[in-house]
Amino acid sequence: MKGKEVFFQGNEACAEGALYAGCRFFGGYPITPSTEIAEILSNRLPKIGGAFIQMEDEIAAMASIIGASLVGKKSLTATSGPGMSLKLENLGFACITEVPCVIVNVMRGGPSTGLPTGPGQSDVMQAKWGTHGDHPAVVLAPASVQEIFNETVRAFNLAERLRTPVILLTDEIIGHMREKIVIPEEGVLEIWDRSRPDCSPEEFLPYDTSKGIVPPMADFGSGYRHHVTGLNHDASGFPTNKPSLVQPEEERLMAKVTENLDIIEKYEHLKKDGAKVGIVAYGSSARSAKAAIKQAEEEGIPVDFVRPITLWPYPTEPTLEMAGKVDVIIVPEMNLGQMIDEVQRCILGKARVIGVNRVDGDPITPENILEKIREVV
Amino acid sequence: MADRYEVRLSGAGGQGLVLGGVILAEAIALFEGINAVQTQSYGPEARGGASKSEVIISDGDIDYPKATKIDLLLCLTQESCDKYSVDLKEGGILLADSRMVTKLPEGNYKVYHLPIIDTAKDKVGKVFVANIVALGAIAGLLKSVSLENVEKAVLRRVPKGTESLNRRALSLGYELVT
């Protein structure tokens, strides 16, 4: 990739990726281990005509990025578990009003305020189901500093293309870890923007799906009327409780994701000859898994590997394929067992599934996983 | 498997060990052309408490970014030495401050018991450059990085106006081991 080599922290790469994608607004409330993202953007955004606001809390922060996006600016907020809980109400609002935005959750340990400076992966189910009601969830889970940069760009692209909030889920380890990465030159990575109406303001309907499943979006203040409500609404944007309108609209929200899997799904699938053990891992735990797989190979044990980069929607296909080949699938995660349920759902009972789980504030080590590999072969 | 070399810088929060690790890793990753990954671990407090920063160096991919079998351990406080020396591997290098660390762990280590903090305080005149004195000593002990490249990395990261202070701290640290 053509660009500039830098030695960056994960959170730094996230801020830089957001700017690359065209983000011009950040509204947030600082929280460890995500604060560097806010800190960097508070410095950078005003210099390029963007805006940074430290809001009074995370509820308002989430509302602010919805507002900024409605006027046409790509918007970001960043937080950790305790703040994410507060953002959920307005996350649902962004889902039903179809406002593109990106939310970063740098996961730390524990429920509530938990372990402020320790890593965790306990918010993976919250990311999918945290806000109430049926709603689409697009959640990306990078595992390196370079991938944080690239996936932040992709998060904005998907948000714009699908008109939906996208969550970037990292954790304290990769958020604070520093590695050498390449910041690509302008134009190397593709940047997508929301489609805007090509009709006159008089003809405009904010939820007009006659041309596609994702309606074009007008910038607030550009002369196009747009009624925004969290109530179920019709094409005009005004509330309705008419069953014949509500059901298809809710189905359409979900279909924006299920019918666009070709641009949303992303995973790594490594296959070894004769593998009878497989691992599914994501985020920083995937790095431990890779190290364990290399060590196992030195001991003569081949191990298959699936790493979801898009965590939601979950990549069913490679997981099911792996289950057809191996006897046991190990799912290491820094929680007490969350994605393991999803793995189990996918594989139709074709393999035994066991977890390696840690919530003590220390990462899962390659040795923790290797012990389990040795145990099952 | 590619060679993997693990460094842990430990002490108390506020001693600049995270910055020390960042500088060391940046010198290696950007100027030596070898892979280096830096991570950190600290408590919620801004000052005090045990703090550590780790640098993994390898000519191959670095999957697991944390240290497990340490080749070189720096300890600037007794607490950090007690807590973190368990992961130092046999034959590894222990670099400990001679004023703060009075009780050294038993084991087969190459021990450098050096006046890091006193050098910063008495010879440079600023105790807060102890992390840079330590970096100088580490540069003298590590084969994978030159003093020149560490200096280049130091100058990129320290506040403007403190360059000569930090240069002096670095070279005094280097002289402690060479």
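The values are calculated or read from the model by the stated rules, or taken from the named source; none is laboratory data. As the structure is a computational prediction, the values presented were derived from the model and not from experiment. Every residue, glycine as well, gets a Cβ built from its backbone with ideal geometry; the counts of neighbours run over all protein chains shown.
I want to confirm something. Restricting to segment A:278-322 and keeping residues that are farther than 23 Å from A:VAL359 by Cα and in a loop (DSSP other than H, G, I, E, B), which single residue is nearest to the other protein chains (Cβ to nearest Cβ)?
A:GLU299
Being away from chain B (no Cβ under 14 Å), out of contact with any Asp or Glu (no Cβ under 9 Å at 6 or more places or on another chain) and crowded, with 16+ Cβ neighbours inside 10 Å: is that true of A:ASN260 here?
yes
Being facing chain A (nearest Cβ under 7 Å) and over 15 Å from B:GLU79 (Cα atoms) is the filter; apply it to segment B:35-50 and report the residue that is modelled with the lowest pLDDT.
Filtering first and then ranking leaves B:PRO44.
Hey, A:GLU186 hits all of (1) under 24 Å from A:GLY283 (Cβ atoms); (2) charged (D, E, K, R); (3) in a loop (DSSP other than H, G, I, E, B) but one; which does it fall short on?
(1)
State which residue pairs qualify: first residue free of Cβ contacts under 8 Å to residues at least 12 places away in the same chain and within 12 Å of chain B (Cβ to nearest Cβ) and inside segment A:25-36, second residue buried (at least 23 other Cβ atoms within 10 Å of the Cβ) and assigned to a loop (DSSP other than H, G, I, E, B) in any location, beta carbons under 9 Å apart, and separation of 6 or more residues or different chains.
Cβ pairs passing all conditions: none.
Tell me, which residue of segment A:201-245 that is more than 21 Å from A:VAL71 (Cα to Cα) and either under 27 Å from the mean Cα position of the chain (by Cα) or of a type in the set (Ser, Thr, Tyr) (or both) is modelled with the lowest pLDDT?
Looking at the filtered set, the residue picked out is A:SER210.
Specify which of the listed residues (A:LYS74, A:LYS87) is touching a Phe, Trp or Tyr at 6+ places or on another chain (Cβ under 9 Å), in the same structural domain as A:ARG194 (by TED's automatic domain parsing) and crowded, with 19+ Cβ neighbours inside 10 Å.
Only one candidate qualifies: A:LYS74.
Among the residues of segment A:346-362, are any under 18 Å from the mean Cα position of the chain (by Cα) and surrounded by fewer than 22 Cβ atoms within 10 Å (Cβ to Cβ)?
Checking segment A:346-362: not a single residue is under 18 Å from the mean Cα position of the chain (by Cα) and surrounded by fewer than 22 Cβ atoms within 10 Å (Cβ to Cβ).
Within segment A:182-200, is there a residue that is at pLDDT 95 or above, buried (at least 24 other Cβ atoms within 10 Å of the Cβ) and not acidic (Asp, Glu)?
So far as segment A:182-200 goes, no, none of its residues is at pLDDT 95 or above, buried (at least 24 other Cβ atoms within 10 Å of the Cβ) and not acidic (Asp, Glu).
Which residues, counting only those in segment B:9-28, are closer than 18 Å to B:LEU95 by Cα and more than 14 Å from every other protein chain (Cβ to nearest Cβ)?
B:SER10, B:GLY11, B:ALA12, B:GLN15, B:GLY16
Could you tell me whether any residue of segment B:73-81 is within 27 Å of B:LEU155 (Cα to Cα), within 14 Å of chain A (Cβ to nearest Cβ) and in a loop (DSSP other than H, G, I, E, B)?
no
All but one of (1) among the acidic types (Asp, Glu); (2) within 19 Å of A:LEU140 (Cβ to Cβ); (3) surrounded by fewer than 18 Cβ atoms within 10 Å (Cβ to Cβ); (4) free of Cβ contacts under 8 Å to residues at least 40 places away in the same chain hold for A:GLU251; which doesn't?
The one condition A:GLU251 does not meet is (2).
Could you say which residue among A:ILE347, A:ILE330, A:ILE373, A:ILE364 is touching a helix residue (DSSP H, G or I) at 6+ places or on another chain (Cβ under 6 Å) and within 13 Å of chain B (Cβ to nearest Cβ)?
A:ILE364
So which residues in segment A:229-256 are over 20 Å from A:LEU162 (Cβ atoms), of a type in the set (Gly, Ala, Ser) and either not assigned by TED's automatic domain parsing to the domain that holds A:HIS132 or not in a helix (DSSP H, G or I) (or both), if there are any at all?
Within segment A:229-256, A:SER236 is the sole residue that qualifies.
All but one of (1) more than 30 Å from A:GLU251 (Cβ to Cβ); (2) touching a residue at least 60 places away in the same chain (Cβ under 8 Å); (3) not in a loop (DSSP other than H, G, I, E, B) hold for A:ILE103, so report the exception by its number.
It fails just one condition, (1).
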